[in-house]
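Values in this text are rule-based calculations from the coordinates and carry no lab data. Keep in mind that what you see is a predicted model, and the values were worked out from it rather than measured. Here the Cβ positions follow ideal geometry from the backbone for every residue, glycine too, while neighbour counts run over all protein chains shown.
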């Protein structure tokens, strides 16, 4: 089969590989559509997870099952499926402890384009098919379905980590596609006032559609100063971090109230440390909680999020700014994500037909 791979840090291209073998509980999937993620950029050009050689990239896709193992009960060849970016081992002790995304070690549920080949290929392997795949609802376009692999569950997870409640004032830092879904997740959980950090008109417009009320730009000065000016000096209840770098937590801590929570789903692709301001953190005793988490994967989550889209509760199509047709445009879409033109939110490559 053909796949688009990271050859080494900074270099990528098409390679030939064998079709992956299917274990007894696994599935081999043929992609219907794939999406490009900023994580692919971090991996390929920044070396965020270290050197990889001839590793097929990509972790966002939906597809059609080509082959199943003999122990798979609920899927068959020809089924169209949602495929999460995170595919845990559901019989692991980590899963039994409630942290399936860390099965096999920290971040071990993140397999695609981390320590096994990803989805930018004619076929890809999914472990524990009954536990990780979900049937693709008929009324969801495969292009839209790609948003359910990562953008929706990751963005929503920020709202879960920060425990957004009815009536909360919520700050969302970063309104790329994950941040946009953090806005949507906060709104769904009942936030009364959502402040978003971002300045690109294309993402500001979509964030407003998802429920953001006010916008500030990091280019106009420290985020915390702008937030507290907007709120009349009253700290926010929750902060959802979906962008920035290791210094972003300084701003989050400065503008969240004592007892407030900061939920981080931002992939910190560079640097050695994050910085936390000592005094504003209550000299370590301010009950300002910081929780960073990899999105949960698995079938149940895919089914629930798929139901939100299928029943019209969540429209993910505004996330998609560029649609390409066919594998020949995969590299173009990847480089577009790297270069991030002003009109970009998310590029998707449709493979079917």
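Nearest 10 degrees is fine. How inclined is helix 151-161 to the longest principal axis of the chain, computing both from alpha carbons? Once rounded, the angle reads 40 degrees. Taking a ≥ b ≥ c as the square roots of the eigenvalues of the alpha-carbon gyration tensor, the range 153-292 is classed rounded because a/c is under 1.5.
Placing dummy labels 7 Å off each Cα toward the beta-carbon, the span from residue 19 to residue 225 is 6.1 nm. Report, to the nearest 10°, how far helix 330-339 tilts away from the longest principal axis of the Cα atoms in the chain, using its own Cα long axis and a range of 0 to 90°. Approximately 20 degrees, to the nearest ten. Of all beta bridges that DSSP places with both ends in the chain, some 55 percent have antiparallel geometry. Distance in nm between label sites at residue 165 and residue 329, each 7 Å beyond Cα in the beta-carbon direction? Reported label-point gap for residue 165 and residue 329 is 4.7 nm.
Centroid-to-centroid, using Cα positions, the range 249-296 and the range 31-46 are 27 Å apart.
When peptides 192-202, 172-182, 156-166 are sorted by average Cβ neighbour count within 10 Å, with the highest value leading, the order is 172-182, 156-166, 192-202. The angle between the Cα long axis of helix 177-188 and the main principal axis of the chain comes to about 70°, on a 0 to 90 degree scale. Per-residue packing, averaged as other Cβ atoms within 10 Å, sorts the ranges 62-72, 82-92, 231-241, 214-224 into the order 82-92, 231-241, 62-72, 214-224, beginning with the highest.
Taking the chain as a Gaussian network of alpha-carbon nodes connected by springs under 10 Å, the highest mean-square fluctuation of the residues 313, 80, 208 belongs to 313.
Annotation: average projected area of the range 1-159 is 9.3 square nanometres, based on the convex hull of Cα atoms across all directions. Take each peptide in 304-312, 289-297, count the other Cβ atoms within 10 Å of every residue, and average; sorted highest first, the result is 289-297, 304-312.
Taking only the C-alpha atoms of the chain, the Rg (one decimal) and the largest Cα-Cα distance, Dmax (whole number), read 19.9, 62 Å.
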